[in-house]
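Rule-based calculations on the coordinates, nothing more; no lab input. Bear in mind the structure is a predicted one, so any value in this text is a computation, not a measurement. Cβ atoms come from the backbone with ideal geometry, glycine included; neighbour counts cover every protein chain shown.
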């Protein structure tokens with residue numbers, strides 16, 4: 001990792017990273033739509049998934065700090081693994097799936 005890559009990722013200037021996060025959001029949205037209706041916070045998660053499908057780039061921006069804070073991803077920038085990015089997105093969905 002170079003600090004310049006971390007900075008660009010953090011502030012959203014790394015278009016590839018934003019697109020990668022958007023892809024992870026879309027993948028998580030598909031998982032949520034298929035999840036059991038009894039899943040905790042399901043209604044809010046469905047609303048979030050719908051929002052992601054309408055504008056994945058906007059939702060991806062919300063996850064930049066979470067993704068860049070992850071030491072595995074930060075060390076790999078600008079070549080973070082999709083699995084690592086999705087892991088971080090999936091682990092932080094309920095932060096944004098609040099129904100607001």
Hey, in the GNM for the chain with a 10 angstrom Cα cutoff, which one of 12, 23, 38 fluctuates hardest? 38
Which one of 46, 11, 73 has the biggest mean-square fluctuation once the chain is modelled by GNM with Cα springs under 10 Å? 11
GNM top mover of 81, 24, 40 - the chain, alpha-carbon springs below 10 Å: 40
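To make sure I understand, if each residue's beta carbon is the centre and we count other beta carbons within 10 Å, what order do 7, 68, 25 fall in, fewest to most? Before the final figure, lay out each step's value.
Details: 7 13, 68 23, 25 29.
Neighbour counts put them in this order, fewest first: 7, 68, 25.
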Separation of the residue 36 and residue 65 label points, Cα + 7 Å toward Cβ, nm: 3.3 nm
Could you give the length gained by full extension between residue 47 and residue 2, i.e. 0.36 nm per residue of separation minus their alpha carbon distance, to one decimal place? 12.5 nm
Between residue 95 and residue 27, how many nm apart are label points set 7 Å from Cα along the C-beta direction? 1.9 nm
With angles folded into 0 to 90 degrees, how steeply does helix 42-54 sit against the dominant principal axis of the chain? Use alpha carbons for both and round to 10. 50 degrees
Based solely on its DSSP helices, what 222 nm [θ] is calculated for the chain when runs of n ≥ 4 H residues each add -39,500 (n - 2.57) and the sum is averaged over all residues, nearest 500 deg cm²/dmol? -22500 deg cm²/dmol
I need to check one value: relative contact order of the chain, counting alpha carbon pairs closer than 8 Å and at least 6 residues apart, in percent. 39 percent
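Calculate the all-directions average of the projected area of segment 3-96's alpha-carbon convex hull, and give it in nm². If you can, show how the numbers build up before the last one.
Working: hull surface 21.5 nm².
So the Cα hull casts an average projection of 5.4 nm².
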